Amino acid sequence: VKPKPPPINLKFYGYSNAVRQGVKRAFFLDGDDILVAGEGELIKRRYKVVRIGTNSALVEDVEHKNEQTLPLEQAPAGS
């Protein structure tokens, strides 16, 4: 039995759809760190942003070949 891959501990809390560049970028939280990445880009050299949707983001853990849908969360208070 294959062990279950670890969960992706990023929180998806928003995105920007810059029309000029035609690139949708998502905002993720990793603890207190804010990370910004576009579709097809890697976060922390491990998590690939597969697709950015309105209510969720599909992220792949390339190390474990595991995709996970991260639901859109409310931005933390004070941001």
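The values are calculated or read from the model by the stated rules, or taken from the named source; none is laboratory data. Everything numeric here is computed off the predicted structure, so don't read it as measured data. Virtual Cβ from ideal backbone geometry, glycine too; neighbours counted across all protein chains shown. Accessible surface is based on the protein model in full, side chains and every heavy atom, while ligands, DNA and RNA are left aside. Shrake-Rupley method; radii C 1.70, N 1.55, O 1.52, S 1.80 Å.
Scanning the stretch 1-60 for residues that are among the hydroxyl-bearing types (Ser, Thr, Tyr) and within 13 Å of residue 71 (Cα to Cα) gives 13, 15, 54, 56. Taking the criterion of being assigned to a loop (DSSP other than H, G, I, E, B) and open to solvent by 50 Å² or more (accessible area, probe 1.4 Å), the residues of the stretch 54-76 that qualify are 54, 55, 63, 64, 65, 73, 74, 75, 76. Entry remark, the stretch 1-53: residues being in contact (Cβ under 8 Å) with a residue 60 or more places away in the chain, open to solvent by 70 Å² or more (accessible area, probe 1.4 Å) and assigned to a strand (DSSP E or B) number 1 in total.
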